[in-house]
Amino acid sequence: SISPDQYQQAVDEAYAKFKNVKEGANADYIPILASVPSDMFGVVIITRDGEVYSAGEQKYEFSIQSVSKPFTASLIMAEQGPKTLREKIGVEPTGLPFNSKIALEIYEDRSVNPLVNAGAIAAVSLVEADSEKERWKKVLGNIEAYAGRELTVLEEVYDSEYETAWSNRGIANLLYNYGRLYSDPEEALRVYTRQCSIGINTHDLAMMGATLANEGVNPVTGKKVLDKEDVPELLAIMATAGFYDESGEWMYSAGLPAKTGVGGGIVAVVPGKFAIATFAPPLNPAGNSVKGLKAISYISGKLGVGLYGPN
Ligand code: GLN
């Protein structure tokens with residue numbers, strides 16, 4: 001097993017090695033994300049027992065963005081089972097960018113997966129709810145249960161994204177047209193955009209991952225969020241689609257299921273053991289945090305925890 005010193009050393013080394021990397025740029029298609037300080041960098045490991053190892057920025061609240069997606073997929077699994085997730089949304093990686101519309105046209109059943117925008121908007125629409133308010137409450141409550149604390153929406157991020165959400169609105173309408181959206185499209189778009197605007201810090205993100213590492217039970221609150229039987233399926237989707245059209249590269253270098261977001265967050269899960277979360281806003285062209293992906297790949301190699309063997 002890995003000792004506390006080994007964990008801390010891996011985190012410290014990853015932080016020191018990559019903190020001065022200058023590649024990448026903040027997302028700017030959501031205008032406000034361009035103004036988040038680009039040099040912030042945080043690395044946190046939380047084990048399934050709730051032990052925390054960290055370096056760098058841990059308190060700054062950034063928007064969760066697409067890192068929210070597997071957690072809402074988990075809500076669908078918890079409410080309606082993995083079979084419904086597979087049939088009504090899909091689990092196949094698209095091999096295309098996160099905001100692809102082509103993906104909706106080339107696959108005959110219009111099926112995507114819940115980790116790209118189309119599947120994530122569909123997931124929000126599939127949550128059982130009689131009103132928009134109830135839909136939102138369930139989505140937020142589920143993410144809070146993963147993080148183990150109350151969270152708030154970064155309203156400026158929400159406004160900035162919703163005012164410019166023409167691409168996602170197009171996706172929602174296309175899905176609706178094909179019978180692959182399960183609520184009013186504009187309602188799904190609003191709840192999805194709010195979900196992406198939830199503020200979290202690096203520590204929260206690691207706790208969310210640690211809940212998956214701990215078979216669906218939050219290590220600190222003890223609350224069960226997802227049945228242990230459903231965790232492997234969720235991690236499988238993260239492994240195949242968590243980095244969109246860069247998922248192959250990612251598995252090749254890190255060997256771990258993970259999810260990224262354009263706010264600069266990444267969470268990776270070592271099943272049954274721990275989670276690694278990073279925050280660093282500059283992204284590569286696929287929309288994945290440059291420092292984050294380097295740091296997690298480094299830690300995975302250093303601790304020898306890649307799923308397919310130490311690399
Ligand atoms: N809210 C963002 C969007 O819909 C999330 C994208 C991402 O993080 N990759 O475009």
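The values are calculated or read from the model by the stated rules, or taken from the named source; none is laboratory data. Predicted, not measured: the structure shown is a model, and the values here were computed from it. So basically every Cβ, Gly included, is an ideal-geometry build from the backbone, and we count neighbours across all protein chains shown.
Across the range 206-251, what is the number of residues that are free of Cβ contacts under 8 Å to residues at least 60 places away in the same chain and among the aromatic types (Phe, Trp, Tyr)?
2
In the range 263-311, how many are buried (at least 19 other Cβ atoms within 10 Å of the Cβ) and outside any loop (DSSP other than H, G, I, E, B)?
26
Pick from the range 13-25 the residues that are surrounded by fewer than 19 Cβ atoms within 10 Å (Cβ to Cβ) and within 27 Å of Ser63 (Cβ to Cβ): which of them is farthest from the ligand (Cβ to nearest atom)?
If we take residues in the range 13-25 being surrounded by fewer than 19 Cβ atoms within 10 Å (Cβ to Cβ) and within 27 Å of Ser63 (Cβ to Cβ), then Ala16 is farthest from the ligand (Cβ to nearest atom).
Restricting to the range 53-88, count the residues that are buried (at least 18 other Cβ atoms within 10 Å of the Cβ), away from the ligand (no atom under 16 Å from the Cβ) and of a type in the set (Val, Ile, Thr).
Counting residues in the range 53-88 that are buried (at least 18 other Cβ atoms within 10 Å of the Cβ), away from the ligand (no atom under 16 Å from the Cβ) and of a type in the set (Val, Ile, Thr) gives 1.
Search the range 223-249 for residues being assigned to a helix (DSSP H, G or I) and among the charged types (D, E, K, R), and hand back the single one that is nearest to Thr211 (Cα to Cα).
Only one residue tops the list, namely Lys228.
Return yes when Tyr107 is closer than 25 Å to Val139 by Cβ and either at pLDDT 95 or above or aromatic (Phe, Trp, Tyr) (or both) and no when it is not.
For Tyr107, the condition - closer than 25 Å to Val139 by Cβ and either at pLDDT 95 or above or aromatic (Phe, Trp, Tyr) (or both) - is not met.
Within the range 16-71, track down each residue that is of a type in the set (D, E, K, R) and within 20 Å of the chain's Cα centre (by Cα).
Asp28, Arg48, Glu57, Lys59, Glu61, Lys69
Which one of these is in contact (Cβ under 8 Å) with a residue 24 or more places away in the chain, closer than 22 Å to Ile200 by Cβ and in a loop (DSSP other than H, G, I, E, B): Tyr53, Tyr60?
Only one candidate qualifies: Tyr60.
Filter the range 2-21 down to the residues that are without any contact (Cβ under 8 Å) to a residue 12 or more places away in the chain and not in a helix (DSSP H, G or I) and list them by number.
Passing the criteria: Ser3, Asn20.
Across the range 243-268, what is the total count of residues that are over 18 Å from Asn311 (Cβ atoms) and not β-branched (Val, Ile, Thr)?
Count: 7.
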